[in-house]
1. Test residue 49 against the criterion of being within 12 Å of the chain's Cα centre (by Cα), outside any loop (DSSP other than H, G, I, E, B) and either without any contact (Cβ under 8 Å) to a residue 12 or more places away in the chain or within 11 Å of ligand 1 (Cβ to nearest atom) (or both), and give yes or no.
2. Could you check residue 27 against (1) part of a helix (DSSP H, G or I); (2) over 24 Å from residue 5 (Cβ atoms) and say which number it fails?
3. Is there any pair with a first residue in segment 72-99 that is surrounded by fewer than 15 Cβ atoms within 10 Å (Cβ to Cβ) and a second that is at pLDDT 95 or above and in a helix (DSSP H, G or I) whose Cβ atoms are under 6 Å apart and which are 6 or more apart or on different chains, and what are they?
4. Please enumerate the residues belonging to segment 1-23 that are in a loop (DSSP other than H, G, I, E, B), modelled with pLDDT of 95 or more and either loosely packed, with under 13 Cβ neighbours inside 10 Å or over 12 Å from the mean Cα position of the chain (by Cα) (or both).
5. Just one of (1) within 15 Å of ligand 2 (Cβ to nearest atom); (2) part of a helix (DSSP H, G or I); (3) farther than 19 Å from residue 27 by Cβ; (4) in contact with a helix residue (DSSP H, G or I) (Cβ under 8 Å, 6 or more places away or on another chain) trips up residue 62, so point out which.
Ligand SMILES: [Zn+2]
Ligand SMILES: [Zn+2]
């Protein structure tokens, strides 16, 4: 991981769970999900903050991507919509981070 990647990962790690912000119901430890993990090379810029429940819990992304997308409807009805939410949350957090 280079400096730029580390900076981004740290910023995302400071966010709340991107599903919990919109739906509540967070539980367990904080996690970072790599969007489309397992399909090709991982990017540290394709990460979303999730809690354990929304990541690997019974209603979590890894328990069934289709059910997860039907339930939470991320932008574009795709796992990549989690990156849109992450961008929104980073923008909203920007002022807090810079102070
Ligand atoms: Zn959550
Ligand atoms: Zn994951």
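1. Spelling it out, residue 49 is indeed within 12 Å of the chain's Cα centre (by Cα), outside any loop (DSSP other than H, G, I, E, B) and either without any contact (Cβ under 8 Å) to a residue 12 or more places away in the chain or within 11 Å of ligand 1 (Cβ to nearest atom) (or both).
2. Residue 27 satisfies every listed condition except (1).
3. The qualifying pairs are 75/81; 75/84; 77/69.
4. 2, the sole residue that qualifies.
5. Against the list (1) within 15 Å of ligand 2 (Cβ to nearest atom); (2) part of a helix (DSSP H, G or I); (3) farther than 19 Å from residue 27 by Cβ; (4) in contact with a helix residue (DSSP H, G or I) (Cβ under 8 Å, 6 or more places away or on another chain), residue 62 comes up short only on (3).
The values are calculated or read from the model by the stated rules, or taken from the named source; none is laboratory data. Everything quoted here is computed from the prediction, not taken from an experiment. All Cβ positions, glycine included, derive from the backbone under ideal geometry; neighbour counts span all protein chains shown.
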